[in-house]
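Structure, as structure tokens:
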Amino acid sequence: MVKIGSGDGDKVEAEAAAWAILSTERPLDQSEQQRLDAWLAAGSRNLGAFIRAQAIWSDVDRVVALDQRPQPEAVEPAPSRRWRYYAIAASLLVALVGGGTAYDRLAGRVSTGRTEVRELVLEDGSRVTLNGDSAVQVRYAAGERRLILRRGEASFSVAHDSARPFYVTAGDVTVRAVGTRFSVGMEDEDVEVTVEEGVVSVADDDGVPPRLIHRNEEFVAAPTGSRKAVLEEAEVERRLAWRRGLLIFNGDSLRSASAEVNRYSPVPVIIDDPTLARAEFVGVFRIGEGRAFASAAAQAFNGVVVERPDGLHLMRQQNSPSH
Amino acid sequence: MDHAGRIRWFAREVLPHEPDMRRWLSVRLRGLESCDLDEVVQEAYARIWGAELEKILNPRAYLFVTARHIVGEQLRRSRIVSIELMADLEVLNIVDDDEGAERRLSGQEEIARLHRIIEKLPPKCRQAFRMKKFDELPQREIAARMGVAESTVEKHLAKALRVISKEMNAEPGAAEVRARGEDRFWRWGQGRG
């Protein structure tokens, strides 16, 4: 067994807590200061524990302040601040887009190219994060806030305003939300609604009364019929990782993982071997990093990456000892 | 940045990533039963404290890399480590993330966690902590109200801080998904090596 360290971490922690309280809450007298200096000089871990204890102690104030603050849902943005939201939205566009912005201000239509994910802040403080190759149209009126998803996928964080309901329309599906977080995606003829926080009501245009979809549930409207499913929180998080510029695969097949990677990557990853394409894969990648994905997959499956004009080919190594 | 500013920087930029870092490290140090994570964490804080904080662009990645170096140094010193483990430490793949992405605990969850911890404190300790942090009373006032010496109040507060710090280590802080993802991916990579 390998032994690392001296095993007195706990003692150090206790001393650090005592010193952190003394030095934060009142000035130290001379002899105390000398003892603290000596203690800190005795080893760098004492210093680290001391810093950490002070950081934790100061962090408590932040949480207490959160506790005493009115709930954020109750706070509505003052009208005078609306222009600030526009300004933030505009700066976000500039920051996130780079080139090729397709933002038609009059029509309120925003779209993204293959390799971009973009966040919009709307005038009421609601946020829309648009996945790659997606388009959304913003139609805000006095009595309602409506967004129309034209293609792709978007996630919404809705500012509470019960006087102005928030609707997202995607094909025949209309989602109504009041102060909540959810995402809507369109793929082929399916519309998928995933709720991260709160409740939304989904109307399907098929005469059935609207259904309520709760936190960590998904609703899929497909030509073959609609269904509702309960998701694990981790699964919801995983599905929405694109918003953070990440792709998270957790037991996905290499085929579907590479399709997702290729959605954003300028150089496609191609897997010719069907048995390799079926292999399950776990990993986290930044959007756009097709190369990193290919080499990590190659490492995991003892394969190789061969670069050809049409993309990065991932293949099995011949005579590999593990196959 | 003054001392208080640097402490706040640690609270804001390092503390939220510590649970992830501990988990990330503990997975990698599975074979090393008596490896003391607390000591690695303490050493990492000390080293980051010595750095120019303004220049650290990605504190999360910085924390992870620092911890990795510390473990690496200790392993080299111990001289009886498997080659695989050393190789593993060299190739660790750190996902550097946008700021805030891992802070999955919502404000509500943080508040609930704090109250949960407060409930675990011994009564006197809890009373002193509440008066200090919630009522923002000066130490002298707390001592007077509780009818004890100021040094006793300091002991109660230190005890409270100690408990909070311990609970923080025990809580699954954030980024469960990714931690799991990295973990499994990691084992796969290892198994095939």
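The values are calculated or read from the model by the stated rules, or taken from the named source; none is laboratory data. If you're wondering where the values come from, they're calculated on a predicted model, not measured in any experiment. A quick note on method: Cβ atoms are made from the backbone with ideal geometry, for glycine too, and the neighbour counts reach across all protein chains shown. Ligands, DNA and RNA are stripped out before the accessible areas are found, and what is left, the full protein with its side chains, is counted by its heavy atoms. Shrake-Rupley method; radii C 1.70, N 1.55, O 1.52, S 1.80 Å.
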For segment A:241-323, size of Cβ-based charge dipole, Lys and Arg +1, Asp and Glu -1, in debye = 240
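Sorted by accessible area with a 1.4 angstrom probe, largest first, how do B:Thr152, A:Thr224 fall? Intermediate results must be reported in sequence, preceding the final value.
Working: B:Thr152 50, A:Thr224 135 Å².
Result, largest first: A:Thr224, B:Thr152.
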query = Hey, got the dipole for segment A:150-225? About the Cα centre, +1 on K and R Cβ, -1 on D and E Cβ, debye to the nearest 20?
reply = 460
task = Would you please put A:59-66, B:61-68 in order of how densely packed they are, using the mean number of other Cβ atoms within 10 angstrom per residue and starting with the highest?
result = B:61-68, A:59-66
Charged-residue dipole, Cβ positions (Lys, Arg, Asp, Glu), segment A:206-250 about Cα centre, Debye nearest 20 = 120
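How many Å² of accessible surface get buried when B and A come together, counting both sides, probe radius 1.4 Å, rounded to the nearest 100?
On the way: alone 12150 and 18270 Å², together 24580 Å².
The contact between A and B buries close to 5800 Å².
Going through the cross-link list A:Lys11/B:Lys124; A:Lys11/B:Lys133; B:Lys55/B:Lys133; B:Lys55/B:Lys159, which pairs have a Cα-Cα distance over 28 Å in this structure? It would help to have the intermediate numbers written out before the result.
Numbers: A:Lys11/B:Lys124 23 Å; A:Lys11/B:Lys133 25 Å; B:Lys55/B:Lys133 32 Å; B:Lys55/B:Lys159 34 Å.
Long pairs (Cα-Cα over 28 Å): B:Lys55/B:Lys133; B:Lys55/B:Lys159.
Using a 10 Å cut-off on Cβ to Cβ distances, tally the other chain neighbours for every residue of A:275-286 and report the average as a whole number. List each step's numbers first, then the result.
Values: counts 0, 0, 0, 0, 1, 2, 4, 10, 10, 11, 3, 4.
Mean shielding by partner chains, rounded to a whole number: 4.
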ask   = Residue-wise, which Karplus ³J(HN,Hα) couplings in Hz belong to segment B:124-139, taking 6.51 cos²θ - 1.76 cosθ + 1.60, θ = phi - 60°, and x for glycine or proline?
value = 5, 5, 5, 4, 5, 5, 4, 5, 6, 8, 8, 8, 6, 7, x, 4
query = By average Cβ neighbour count within 10 Å, what is the ranking of A:45-52, B:143-150, B:132-139 from highest down?
reply = A:45-52, B:132-139, B:143-150
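Rank-order B:112-120, B:16-24 by packing density, defined as the average count of other C-beta atoms within 10 Å over each peptide's residues, highest first. Write out the running numbers ahead of the final one.
Numbers: B:112-120: 14.7, B:16-24: 21.9.
Per-residue Cβ counts within 10 Å, averaged per peptide and sorted highest first, yield B:16-24, B:112-120.
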message = Whole-Hz ³J(HN,Hα) for each residue in segment B:142-157, computed from phi via Karplus 6.51 cos²θ - 1.76 cosθ + 1.60 with θ = phi - 60°, x for glycine and proline: what do you get?
response = 4, 4, 5, 5, 8, x, 10, 6, 4, 5, 5, 4, 4, 5, 4, 5
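Using the Cβ atoms and a cut-off under 13 Å, what net charge is assigned to the surroundings of A:Arg35, where Lys and Arg are +1 and Asp and Glu are -1?
On the way: positive: none; negative: A:Glu15, A:Asp29, A:Glu32, A:Asp37.
Around A:Arg35, the surrounding residues sum to -4.
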